[in-house]
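Undergrad: Quick one: this structure, given as structure tokens, is what I'll be asking you about.
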């Protein structure tokens, strides 16, 4: 009788630099210490019951089987109408809009569709943590360009210098996670001019598009769709999870010119195929009323102002929060610890969890800044502020 030896083959990792994320580390520590978790970026409140009812209604009507690979037509049509109304650019619902399993899936699918081994992709740091692994999985080369420390504004001189004949794409995120800055019209026009003589594609991560504050000061979301020269080369990514407080539903979309969408869909159909059917129908029904997303800036601006007013009573130095649901603070007058150690101390000793901005840089650049998420119930924010008042 032959003896069978149990042996698991050794793998050569495709992502040697990837370990446990700082978000998991801090959330685990927050749970252990009973801290208020203002680290991970998700709401702790419920969505509109009408949205749940719309999804339930779709389920009870039997809309529970595979939808079209591209997404149900009624939802794609609703997205097309919304984008046209807000940004004055019309995407064909049949050939230019695809429903995705969240924005993260959308981004990796774009990258796998367009990046070939050896292609360069520019990322602007600090950046969302999925960008770099996505590029590496596609065999691309990550080209890191820092946003200006302190202000997190784009440095177009540095971006221009980073473009080479191998540059395939640039990823732009506005409103920006983690810094909460918002690109201006002048920024987008400068990007349009910079890319005009090139074949560089734009991946525009706009998941926080409906969280731009201080409209009275003229600040609005400058979608790539507003700028013809950018729209013609852009994959625009957005997220229903962020907009409607349902991050766990994992539904988003990509809007892009037909030729780009055709390539995107070649990958999409094989890495996820399609997205939850009743949720798509529920979202389409709910989108008939524009108020939930039109009212979102005021909803989150009130929370931002509540949180900033409380933080102003501490020794934190508040950085601007122009959009998204994040607030960054400079810790220089609070502690001599580096960002990561400070966040662990804050969670353990003060009972509030935050995220170090160094986690969003490839070289762990430490500028004494940490990020809080204020997408929380008022009582959650007030509890956190009471604890932070000790600082």
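A short reminder: the numbers here are calculations on the coordinates, not readings from a lab. The model shown is predicted, which means the values in this text are computed figures rather than measured ones. Backbone-built Cβ (ideal geometry, glycine too); neighbour counts: all protein chains shown.
Undergrad: In the Gaussian network model of the chain, springs joining C-alpha atoms below 10 Å, which of 17, 35, 224 carries the largest mean-square fluctuation?
TA: For the chain, modelled as a Gaussian network with Cα springs under 10 Å, the answer is 17.
Undergrad: Find how much the distance from residue 216 to residue 77 grows on full extension, using 0.36 nm per residue of separation minus their present alpha carbon separation; answer in nm with one decimal.
TA: On the way: separation 139, 0.36 × 139 = 50.04 nm, distance 3.09 nm.
Stretched fully, the residue 216-residue 77 segment lengthens by 46.9 nm.
Undergrad: Starting from the Cα of residue 6, step 7 Å along the direction of its Cβ; do the same at residue 382; then give the gap between the two resulting points in nm.
TA: Computed distance between label sites residue 6 and residue 382 equals 5.5 nm.
Undergrad: Something else now. Arrange the following residues from fewest to most other Cβ atoms within 10 Å of their Cβ: 167, 347. Could you put the intermediate results ahead of the total?
TA: On the way: 167 19, 347 27.
In increasing order of surrounding Cβ atoms, one gets 167, 347.
Undergrad: Just check the stretch 84-187 against the gyration tensor rule for me: Cα atoms, a ≥ b ≥ c as the square roots of the eigenvalues, rounded for a/c under 1.5, and otherwise prolate or oblate depending on whether a/b exceeds b/c. Write down the numbers at each step before the final one.
TA: On the way: a/c = 1.63, a/b = 1.10, b/c = 1.48.
Cα axes put the stretch 84-187 in the oblate bin.
Undergrad: How long are the semi-axes of the ellipsoid equivalent to the stretch 29-87, from square roots of 5 times the Cα gyration tensor eigenvalues, in whole Å, largest first? Each step should come with its number before you reach the end.
TA: On the way: eigenvalues 220, 71, 32 Å².
After scaling each eigenvalue by five and taking roots: 33, 19, 13 Å.
Undergrad: Can you sort 171, 22 from fewest to most other Cβ atoms within 10 Å of each residue's own Cβ? Please list the in-between numbers first.
TA: On the way: 171 24, 22 19.
Ranking 171, 22 by Cβ neighbours within 10 Å, fewest first, gives 22, 171.
Undergrad: At what distance in angstrom do the alpha carbon centres of the stretch 236-293 and the stretch 46-81 lie from each other?
TA: Here the two parts' Cα centres lie 10 Å apart.
Undergrad: Quick check on the chain: of the DSSP beta bridges with both residues there, what percent are antiparallel, nearest 5%? Working shown, then result.
TA: Details: 18 of 39 bridges.
That works out to approximately 45 percent antiparallel.
Undergrad: Along the three principal axes, how long is the stretch 147-284 when you take its alpha carbons, biggest first, rounded to the nearest angstrom?
TA: Taking max minus min along each principal axis of the Cα atoms, the stretch 147-284 gives 46, 39, 25 Å.
Undergrad: How high is the FRET efficiency between residue 291 and residue 153 when r is their beta carbon distance and R₀ equals 25 Å, given to the nearest 0.05?
TA: On the way: r = 32 Å, r/R0 = 1.30.
FRET efficiency, residue 291 to residue 153: 0.15.
Undergrad: Fully extended, how many nm does the chain gain between residue 144 and residue 185 (0.36 nm per residue separation, minus their Cα-Cα distance)?
TA: Working: separation 41, 0.36 × 41 = 14.76 nm, distance 2.34 nm.
Going from the current span to full extension adds 12.4 nm.
Undergrad: Continuing with this model, one more query. Between the stretch 162-198 and the stretch 315-348, how far is it from one alpha carbon centroid to the other, in angstrom?
TA: Using only Cα atoms to place each centre, the spacing works out to 27 Å.
Undergrad: Could I ask something else about it? Could you put 91, 66 in order, starting from the residue whose Cβ has the fewest other Cβ atoms within 10 Å?
TA: Values: 91 25, 66 8.
Ordered by Cβ neighbours within 10 Å, fewest first: 66, 91.
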